[in-house]
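A.B. asks: One structure is given below, represented as C-alpha cells, and several questions about it will come after.
FYI, it's all coordinate maths here, none of it is from the lab. For clarity, every value in this text was computed on a predicted model and none was experimentally measured. Ideal geometry is used to build each Cβ from the backbone, glycine not excepted, and the neighbour counts take in all protein chains shown.
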Amino acid sequence: MAKGFETRLIHGGEGGSQALTTPIYETTTFVFESAAAVERYNAGEGDQFLYTRYGNPTVVAAEAKVAEADAADGALLFGSGMAATSTLLLGLLRAGDEVVCGAAVYGGTFHLLEDFLPKFGITTRFVSLDDLREPERVIGERTRLFWFESPINPTLRCVDIRRIAAACRARGVVSVIDNTFASPVNQQPLQLGVDVSMQSASKYLNGHSDVTAGVVTAGRDLLAPIEAARRKLGGILDPQPAYALMRGLKTLPVRMARHNANAMAVAQALEGHPRVTRVYYPGLPSHPDHTLASQQMSGFGGMVCLDVAGGQAAAMRTFDNLKLVARAASLGGVESLCSLPVLTSQWGHTDEQLAAAGISRGMMRLSIGLENPEDIIADLVQALG
Ligand SMILES: Cc1ncc(COP(=O)(O)O)c(C=O)c1O
C-alpha cells in the first residue's frame with residue numbers, strides 16, 4: 001500500500017547506511033577503484049559519483065525526498081530558486097522560442113524574462129490575469145513554454161491550474177508553475193496536469209529561513225534536459241544545505257497546517273479593521289478567487305496581504321511600528337515577516353506595471369509564521385495604530 005504523505009516526507013530519500021539520518025557527503029570529488037569503474041560511470045551504469053557539481057549522495061537523497069513531496073518522477077535541486085528558474089528555462093528553450101508569462105509574477109522571474117533572456121533570442125509575452133483565465137487564446141505559434149504562479153505574488157489571486165495545463169498540453173507547450181507560495185502540502189500541480197513545478201526551497205520547503213535553494217520537479221523527459229543544463233551552468237545545491245533542506249521537509253506538513261491556521265486567523269482579524277482597506281487571503285470568502293482556490297488547494301497558505309488606508313506613507317509608518325513581526329523580505333519561515341512589495345519584490349516597477357499586477361503602493365505583504373496567532377495579531381493591530 002502506498003504510504004501517506006507525511007510518512008513519505010519523513011522516510012523518503014533516507015536510509016542506505018546504518019545512520020538514521022542521511023550523512024552529509026562534504027566532498028567535491030569521488031574516488032574510483034579502477035579505470036574500468038570510471039568507464040562504467042561514463043556508461044551510466046552503477047550508482048557511483050564523479051564530481052559534486054554533477055551529483056552528490058546527500059543531494060540525491062534530498063532530491064528523492066522532494067520528489068516524494070510532489071509525487072514526481074524526480075526532482076533537481078539548485079543553489080537558489082532563481083538558479084532553478086534560469087536553468088530550467090535555458091535547458092528547455094532555444095533562440096526564437098517565446099514564453100507566455102503572467103504579468104504578475106515574482107520580480108526576479110519577471111526581470112529574467114524581460115531583461116535578460118532576450119539577449120539569447122528568447123522573448124516573453126506577459127499576459128494579464130484575464131488572459132490567464134482563457135489560456136487557449138494567448139498561446140501563439142512560437143510559444144514553447146507557459147510560466148505562471150497560483151496563488152500569484154503578492155495579490156494571492158489564483159488561476160485555473162487544470163485549465164492552463166490542458167490548454168498547454170493540447171498545443172504541445174510546456175506548462176510551468178512557480179508553486180512557492182502554496183507548497184506541495186496545499187497544492188499538487190503535477191497531479192493537476194502541469195508539466196513542471198518550480199519552487200524556491202528557501203521558503204516553506206526548508207521553512208527556517210536559513211537555506212537558499214531551489215527545486216524543479218517534473219516527469220523524466222523534461223528533467224533530462226534541465227539536468228544537462230545544470231551540469232553546464234553549475235547551479236546545483238551544496239551537500240550541507242541539501243541536508244538542512246531534508247530536515248526541514250520532514251516537518252513540512254505540520255508546519256504548513258499551522259501556517260494555514262495562523263494566516264486565516266490574521267486575515268479574519270484584520271478584515272474590517274478601520275485602517276485596512278482590503279485583506280487579500282484566498283481562504284476568505286471575500287477573496288475573488290476563493291471558490292477556485294477551494295477547488296484546487298487543500299489549504300490556503302501562510303501569506304496574507306493588506307492595503308493600508310493612506311497609501312505608501314501609511315504602509316511605511318505601519319511597517320516601521322512593527323515589534324514582533326520582522327521587517328524582512330522573503331517568506332515561509334517560522335518567524336512572521338513583513339515586506340512592502342513596492343520596495344522589494346516589485347521594486348522598480350512602473351505605475352503601469354504595478355497596476356497590471358494589481359498591486360497598490362500601500363500594500364503590506366505578510367508571511368505569517370508559527371508564533372502564537374494572538375501575538376501576531378496584537379503586533380499588527382498596534383502597528384496600524
Ligand atoms: C514566488 C517566488 N519565486 C521565486 C523566488 C526566487 O527564489 P530564491 O530567492 O530562492 O532565488 C522567490 C523569492 O522570493 C519567490 O518569492
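A.B. asks: Please report, in debye to the nearest 20, how large the charge dipole of the stretch 5-250 is about its Cα centre when each Lys and Arg carries +1 at its beta carbon and each Asp and Glu carries -1 there. Walk me through the numbers before you get to the answer.
C.D. replies: Values: 23 positive and 28 negative charges, 67 e Å.
Roughly 320 debye for the stretch 5-250.
A.B. asks: Here's another thing I want to ask about it. Before rounding to the nearest 500, sum -39500 (n - 2.57) across all DSSP H runs of length at least 4 in the chain and divide by the residue total; then give [θ] at 222 nm in deg cm²/dmol. Intermediate results must be reported in sequence, preceding the final value.
C.D. replies: Numbers: 16 runs with 150 residues, N = 385.
For the chain, the value works out to -11000 deg cm²/dmol.
A.B. asks: Is the shape of the stretch 8-54 rounded, prolate or oblate, going by the alpha carbon gyration tensor and its root eigenvalues a ≥ b ≥ c, with a/c under 1.5 for rounded and a/b larger than b/c for prolate? It would help to have the intermediate numbers written out before the result.
C.D. replies: Details: a/c = 2.42, a/b = 2.00, b/c = 1.21.
Because a/c hits 1.5 or more and a/b exceeds b/c, the stretch 8-54 counts as prolate.
A.B. asks: What order do you get for 203, 119, 3 when you list them from fewest to most C-beta neighbours inside 10 Å? Mind showing how you got there, number by number?
C.D. replies: Details: 203 22, 119 7, 3 12.
Going from sparsest to densest Cβ surroundings: 119, 3, 203.
A.B. asks: Another question about this same structure. Are there GluC sites (Glu not before Pro) in the stretch 1-41 that DSSP marks as loop and that have at most 11 other Cβ atoms within 10 Å, and which are they? All intermediate terms of the calculation are to be shown ahead of the outcome.
C.D. replies: On the way: sites: 6, 14, 26, 33, 39; in loops: 14, 26, 33.
Answer in residue order: 33.
A.B. asks: Cross-chain or 8 or more residues apart, Cα under 24 Å: how many lysine pairs in the chain fit that? Count them up, please. Please list the in-between numbers first.
C.D. replies: Working: 3/65; 3/250; 65/203; 65/250; 119/232; 203/250; 203/323.
The result is 7.
A.B. asks: Oh, and also: Under a 10 Å cutoff between Cα atoms, tell me which one of 95, 182, 315 has the largest fluctuation in the Gaussian network model of the chain.
C.D. replies: Largest GNM mean-square fluctuation: 95.
A.B. asks: Stick to Cα atoms and the Kirkwood definition of Rh, then tell me Rg/Rh for the stretch 253-384. Could you put the intermediate results ahead of the total?
C.D. replies: Values: Rg = 14.0 Å, Rh = 14.8 Å.
Rg divided by Rh gives 0.94.
A.B. asks: Next question, about the same structure. What fraction of the Cα pairs in the stretch 131-188, stated in percent, has a spacing above 12 angstrom?
C.D. replies: Values: 1073 of 1653 pairs.
That tail contains 65 percent of the Cα-Cα pairs.
A.B. asks: Just to be sure I understand the model, the point goes 7 Å from the Cα along the line to the Cβ. What's the resulting residue 257 to residue 26 distance in nm?
C.D. replies: The answer from the label model is 3.5 nm.
A.B. asks: Run the quick spin-label model on residue 208 and residue 48: label points 7 Å from Cα toward the beta carbon, then report their separation in nm to one decimal.
C.D. replies: Label at residue 208, label at residue 48, 3.5 nm between them.
A.B. asks: The stretch 45-137: which GluC sites (Glu not before Pro) are DSSP loop and have at most 11 other beta-carbon atoms within 10 angstrom?
C.D. replies: Details: sites: 45, 63, 68, 98, 114, 136; in loops: 45.
Passing sites in the stretch 45-137 are 45.
A.B. asks: If you average 1/r over every pair of different alpha-carbon atoms in the chain and take one over that average, what Kirkwood value in Å do you get? Don't jump to the answer; show the numbers that get you there.
C.D. replies: Details: mean 1/r = 0.0465 Å⁻¹.
Kirkwood hydrodynamic radius for the chain: 21.5 Å.
A.B. asks: Using Cα centres only, tell me the gap between the stretch 87-144 and the stretch 54-76 in whole Å.
C.D. replies: Here the answer is 27 Å between Cα centres.
A.B. asks: For the chain, set up a Gaussian network in which alpha carbons nearer than 10 Å are linked by springs, and say which option among 78, 146, 49 fluctuates the most.
C.D. replies: 49
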